[in-house]
Every structure is written in C-alpha cells, then in structure tokens.
Amino acid sequence: MMIKDFFTNLAILVSVLFFYSQVSNKYPLHAKSTLKIKILIGVLGGLLSNILMQYSIPVDNTMVDLRHIPTILLAYYGGGVPAFISMIMTLAGRFLISTSLSSYLAIVISVSGTLFAIFFSKQNYSKKIKILVIVTFNNLVFSIVFSYLVSSFIIVLKVLPIYWIVSYLSAYLSFYVLAYIRKSQKLFNKYQTESTTDGLTGLNNVRKFEEVFDHLIKDLQTNEQKLALLFIDIDFFKKVNDTYGHSEGDVVLKELGLRLQQSTRAFDIVSRNGGEEFTVLLLNCPLYRANELAERIRKNVEDNPFTLNSGKEINLTISVGVACYQETTIDPTQLIEDADKALYQAKQSGRNRVCIYGQ
C-alpha cells in the first residue's frame, strides 16, 4: 500500500503540473517574472503541496508525502518569493491537519529545504546536478527528522528507501514534464507567429493581411466608418537584386517596412504581401487623408536613399495605388482589387507616383 500511496502523490503532482503549464503558457514562471506572477504561482504551489498532504501516508507519529517538490520547483524557476509563499502555505496546511511534535519539526524540514533550494538553484552547476543536490539535502533532513519521530527501526528501514527513490523520481519527472511542455509550447508559439508574420520584415504576412481584412469587412457591415487601402510596390526592385544580390535586396525590404510603420498610425495595419509588394490598411481614414499619407511615404522613399550592408547608398522609388471604401469603392470586398488596379495604373503611367482608383 505504501508504494501505491507514493505513486498516487506522484500522479497528482504530474497531473497538476501539466494543467499548470497549459494555463500559464503566456506567463511561465522565471526569475524575471513580475511580482504579481510570482505571488500567484507561489499560492498555486502552496495549494498543490496541501493537496499532496491530503494523500499523505501516516507512519507512526508523522506523515510522509511529496509536499516538498512544488517548493523546490518554485525555488528553481522563480527564486525566493514564490518558494517562500508556497512554504508558508504548506506549513499552515500542516498545522491545520494537526498540531504535534511532527508538525513543529515540519517547520525545520520546510524552512531548511526551501532556503537550501533557493541558494543552490543560483549556483553555477548543471540542472541535473542542482536537482540531485537539492533533493538529496531535503531527503537527508527528512530522514533525520523521520528517524527521530518513528520509534520502530524496522519501519524506518522500510519507509526511507522507498521515500528516497520516489522523491528522486518525482523531482526529475516533474522537472522533465515542465521542461518538455515549455519547449513544446515555445515551438508552437514560434510556428504560430511565423504562420502570420513575415520572417524578413516582422510585418504581417499575406495570410494575416487577409485574415485582418476579412475581419474589418465584417465590421464595416455594422458601422459607417471609412477604410482605405494602400498598395505599394518598389519600382524596378529586380535590378537591386540583380546588381547587389538578394541579401542587399533584403536590407531594402526591411528598411521600407520600417519606414511604413513609422509613417502610419499605431493602429493601422502594415503588411508585406510578398516580394516587393506591401499594403497598408488605414482604419477610419477618408480618401484625402490616405492620399496625403501615400504621397508622404512616396516622397520619403524618393528623397532618402537606402544604405546597403556594403555601405553603398542607392536611390529608389515606389508606386502606390489607393482605394477607399465609401469614396472610390462601394463594395468593401472589392477594395483589394481596386487598390491593385490603381497600383497598376501608377506603374503604367510612369512609376514613382500615387494613383487613386477611378481618378
């Protein structure tokens, strides 16, 4: 029964850690987490330790469980604040269960184990060594106290080996589960970001542009706000790649993306739709204002050369097509097509200019 109870503790521990890692995806605990996050997760760690105590194994005049593991995890990842909060809640829970010599000696185990975990987590050793030393220290302190409280030497010899094995197993498994889930979440978040972000410029990619555009179109059906769209294309960009190489062409694309962000409002949506083609969605923006902004961007590009990695400065121009819902375009779903037609007109009429659809 004892081994079964130990593994019940372990199953609860791993299950709760898995659930925690799922709900804390955006705010994982680390040394630089905000005080609010450290306090919150410290409280959660204390609750977990108290849950583990509810499944303790009564042995003679004391209780055996894995309540120390959450505090060790908190000390390793978050430092003193969450570890101490967890420790205090654990001790409070222990005294609620019973007030005895065992509960008073639990203070010795918890305080010494927490302080050592905080101290040794900051030392310059590998993760595996840190876990081994911290858990070993906790096991030693527990073994001394347990041997003092339990009168039967046979029970001590029976319980402690199992406790040591399960304590090591639960610690390494807990760290492994957290590390594995964190790594998986990091990769998922990375792929999720990459699916909607242009890897070169950091702007929205065409997929994200279409997603945002569709959302804005639905909003336009419930309000009367204007929506303007700029279609922007670098003139003769192929010559840049052919003359200076694609890496220098990438410099130009990144710089243009930056200029577009700096020229627009914080809530406007700037995207790279592919190649040398960019778009800007201007929210609640009338046609005259969109045209002014397009001209300012065009002039900025014309008057300010682009500096390549080689140090060479080159002059470029852009062509811009403009369309605006309610002014040039009645059907908002036609906005992209109309802005693209205006861009084509700008290209056909000599480049380095802004053309408004229908004018």
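See the values below:
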read-out: Count of the stretch 261-292 residues which are part of a loop (DSSP other than H, G, I, E, B) and not β-branched (Val, Ile, Thr); value: 9
read-out: Candidate set from the stretch 197-247 (those that are surrounded by 15 or more Cβ atoms within 10 Å (Cβ to Cβ) and of a type in the set (S, T, N, Q)); member that is farthest from Gly350 (Cα to Cα); value: Thr197
read-out: Positions within the stretch 26-42 being hydrophobic (A, V, I, L, M, F, W, C) and farther than 21 Å from Ile181 by Cα, in sequence order; value: Leu35, Ile39
read-out: Residue list for the stretch 293-318, restricted to those being open to solvent by 40 Å² or more (accessible area, probe 1.4 Å) and in a strand (DSSP E or B); value: Thr307, Glu313
read-out: Matching entry among Ile131, Ile107, Ile118, Ile154 (being loosely packed, with under 13 Cβ neighbours inside 10 Å, modelled with pLDDT of 85 or more and not basic (Lys, Arg)); value: Ile154
read-out: Residue tally, condition farther than 18 Å from Leu293 by Cα, under 27 Å from the mean Cα position of the chain (by Cα) and polar (S, T, N, Q), over the stretch 233-278; value: 1
read-out: Among (1) open to solvent by less than 30 Å² (accessible area, probe 1.4 Å); (2) more than 14 Å from Phe142 (Cα to Cα); (3) out of contact with any strand residue (DSSP E or B) (no Cβ under 7 Å at 6 or more places or on another chain) - the single one Val59 does not satisfy; value: (2)
read-out: Flag for Ile336 being hydrophobic (A, V, I, L, M, F, W, C) and loosely packed, with under 13 Cβ neighbours inside 10 Å; value: no
read-out: Condition met for Gly321 (under 22 Å from Lys238 (Cβ atoms) and not in a helix (DSSP H, G or I)); value: yes
read-out: Residues of the stretch 115-157 that turn out to be polar (S, T, N, Q) and outside any helix (DSSP H, G or I), as a count; value: 5
read-out: Any hit, the stretch 214-228, residues being part of a helix (DSSP H, G or I), touching a residue at least 40 places away in the same chain (Cβ under 8 Å) and within 16 Å of the chain's Cα centre (by Cα); value: no
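Each row is one residue, and each column tells you yes or no for (1) open to solvent by 40 Å² or more (accessible area, probe 1.4 Å); (2) modelled with pLDDT under 95.
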{"site": "Gln261", "(1), (2)": "yes, yes"}
{"site": "Arg265", "(1), (2)": "yes, yes"}
{"site": "Val280", "(1), (2)": "no, no"}
{"site": "Val322", "(1), (2)": "no, no"}
{"site": "Tyr325", "(1), (2)": "no, yes"}
{"site": "Leu343", "(1), (2)": "no, no"}
{"site": "Gly350", "(1), (2)": "yes, yes"}
{"site": "Tyr357", "(1), (2)": "yes, yes"}
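The values are calculated or read from the model by the stated rules, or taken from the named source; none is laboratory data. Everything numeric here is computed off the predicted structure, so don't read it as measured data. Cβ: placed from backbone, ideal geometry, glycine included. Neighbour counts: every protein chain shown. Side chains are part of the model used for accessible areas, which takes the heavy atoms of the whole protein and leaves out ligands, DNA and RNA. Shrake-Rupley method; radii C 1.70, N 1.55, O 1.52, S 1.80 Å.
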